[in-house]
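Asks: Can you read through this structure? Questions will come right after.
Please treat every number below as a calculation from the coordinates, not as lab data. What you see is a predicted model, and the numbers here were worked out from it, not measured in a lab. Note that each Cβ is placed from the backbone with ideal geometry, even for glycine, and that neighbours are counted across all protein chains shown.
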Amino acid sequence: MSNKQHKNLSARPALEPQSIAQLLTQALALETEATARYAELAEVMHSHNNLDAAELFSRMAGIEQLHVEQIRQQISQRRLTDLPATHYRWVGLEGPETTDYADLHYLMTPRQGLLLALLNEQRARDYYVNIADRSSDPEVLELARELAQEEREHVQWVEHWLKRYPPTEEGWDHDDDPPILQD
Ligand code: ZN
């Protein structure tokens, strides 16, 4: 994956959350997208019989799904309605700025998938850290800190998994038995 084109992408929200409602809205979008992307990665890996990677990404989807539920709970506890729209997008998978569907190469190894996950988990962490650093609203600050801490744990978790997968060998994208294209 080319990191060059990602360099200018900031994890900073276009609109800094001014309230707990805005922060929860953006968090919900971020976590929902992460869940969807991990589930998608799991499906791609599964359809190409990369079961190791499929299982790994299913687990990550499950972790992010828990996050989605926690945030939904907070939103309903606070009886928040009419939440503002958000534009948070994952990097690397069909993001509007990147259109990097090649990152989802069907022969992608677990390691490559994890590197993509690492990039996005770090980005999520930085996103919340950035809010925690700047907010003057104590409630926003506290929640942003909490979410940043959870993302820090995700980053560590992905780093831990990466140790199990050695660097990709050359020729990883060579397929001796390429799939037959059908209409
Ligand atoms: Zn995460």
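Asks: Which length gain, in nm to one decimal place, applies between Gln149 and Asp52 when the Cα-Cα distance is subtracted from 0.36 nm times their residue separation?
Replies: Using 0.36 nm per residue and subtracting the Cα-Cα distance, I get 32.2 nm.
Asks: Which whole-Hz ³J(HN,Hα) couplings does the range 41-48 yield from phi under the Karplus relation 6.51 cos²θ - 1.76 cosθ + 1.60, θ = phi - 60°, glycine and proline marked x?
Replies: Values, residue by residue: 4, 4, 5, 4, 4, 5, 5, 10 Hz.
Asks: Moving to a separate point now. Got a sec to turn the phi values of the range 115-121 into Karplus ³J(HN,Hα) couplings, 6.51 cos²θ - 1.76 cosθ + 1.60 with θ = phi - 60°, whole Hz, x for Gly and Pro?
Replies: In residue order, the calculated couplings are 5, 5, 4, 4, 4, 6, 5 Hz.
Asks: When the Karplus curve 6.51 cos²θ - 1.76 cosθ + 1.60 is applied with θ = phi - 60°, which whole-Hz ³J(HN,Hα) does each residue of the range 21-32 get, with x for Gly and Pro?
Replies: Once rounded to whole Hz, the list reads 5, 5, 5, 5, 4, 5, 5, 4, 5, 4, 6, 5.
Asks: When a footprinting reagent is the concern and you count Cβ atoms within 10 Å, what order do Glu31, Glu69 take, fewest first? Please report the intermediate quantities before stating the final value.
Replies: On the way: Glu31 25, Glu69 12.
So the residues, fewest neighbours to most, are Glu69, Glu31.
Asks: While we're on this one: At what distance in nm do the modelled label points of Glu40 and Arg78 sit from each other, each positioned 7 Å from its Cα along Cα→Cβ?
Replies: Label-label distance for Glu40 and Arg78, simple model: 2.8 nm.
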